[in-house]
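So the structure is just underneath, and the comments pick up after that.
The values are calculated or read from the model by the stated rules, or taken from the named source; none is laboratory data. What you see is a predicted model; the values in this text were computed from it and never measured. Note that each Cβ is placed from the backbone with ideal geometry, even for glycine, and that neighbours are counted across all protein chains shown. Quick note on the areas: whole protein, heavy atoms, side chains included, nothing else; ligands and nucleic acids left out. Shrake-Rupley method; radii C 1.70, N 1.55, O 1.52, S 1.80 Å.
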Amino acid sequence: LAANTAGVYYTLLRVASRFDQFTRDVGASYREDLASGDALLAGFNGSPITEQKNRLLSRHDTVSGGRQSYLWVTYDVAAPANAATQNVFAFPLLRDTGSVQAVYNFQASEAIWGLPNGLQGYALFDATGQRLNAAAQNIVTDNRSPITSEIKTAVSCHRCHEGGLLVAKDQVRDHVLTNASEFLRDDVERVSLLYAPANSLSATFTRDQAAFARSL
């Protein structure tokens, strides 16, 4: 049932089976954004969806249906997250940023993007970029479902995001800048560029949330 439901949903939204093609289809310059610093990153722990494990986010501008919109992507790890490279505070960057020593090792992603009508679309991918119908329960869990803890596209997504985006507060930028001597200088500069200050991150969430609210 989950596969059939997700398959219909992905067909209706024309979600590509591979992440790279998906990002192009929704109007995002994904890899270019990360390399140039035009993306926005946020990292934190304590998310109930990931059962308090580390979570990294990236945001990208898109153009959808002639309107400016957004793509948010999560980067999540499987339990137990014991590998050093699964610590977002020590490895705060993604491979496409150009970092060689501070690359976060994730296992799966969730994507939320603005549709042409201003509402939101949802998709799941594994670390290789393959589209998924449901997420592994040792990575993320649906803690609002009365039936199952498995996150399924898109019923679980709608349940959690019925009011739009869930605002996150970054914990990584201040940590890295405070402990800059523990990182390569280039990586500190990348973090400073990609991780927005708290007020800028909050304003971005507010703007994206307002766009969704107007359409809703």
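For this structure, a couple of remarks:
- Karplus (6.51, -1.76, 1.60) ³J(HN,Hα), θ = phi - 60°, over the stretch 55-62, in Hz, Gly and Pro reported as x: 9, 10, 10, 10, 10, 9, 5, 9
- Interchain or long-range residues, amide H under 5 Å from SER47's placed H: GLN52, LYS53
- Interchain or long-range residues, amide H under 5 Å from GLY164's placed H: none
- Helix 2-13 and the long axis of the chain differ in direction by around 80°, with both axes built from C-alpha atoms.
- On Cα atoms only, tilt of 185-194 relative to the major axis of the chain in degrees: 40 degrees
- Estimated [θ] at 222 nm from DSSP helical runs (n ≥ 4, -39500 (n - 2.57)) normalised by residues in the chain, nearest 500: -9000 deg cm²/dmol
- Compared with the dominant principal axis of the Cα atoms in the chain, helix 198-215 is inclined by about 10°.
- Taking only protein heavy atoms and a 1.4 Å probe, the accessible area of the stretch 56-112 is 50% carbon and sulfur.
- Built amide H within the under 5 Å cut-off of THR62, gap 5+: SER69, TYR70, LEU71
- Segments 39-46, 98-105, 57-64 sorted - mean Cβ within 10 Å per residue, highest first: 39-46, 57-64, 98-105
- Contact order for the chain, expressed relative to its length and based on alpha carbon pairs under 8 Å spaced 6+ residues apart, stands at 21 percent.
- Computed over protein heavy atoms with a 1.4 Å probe, the accessible surface of the stretch 18-176 works out to 43 Å² per residue.
- The shape of the chain can be summarised by an equivalent ellipsoid whose semi-axes, obtained from the alpha carbon gyration tensor, come to 27, 20, 16 Å from longest to shortest.
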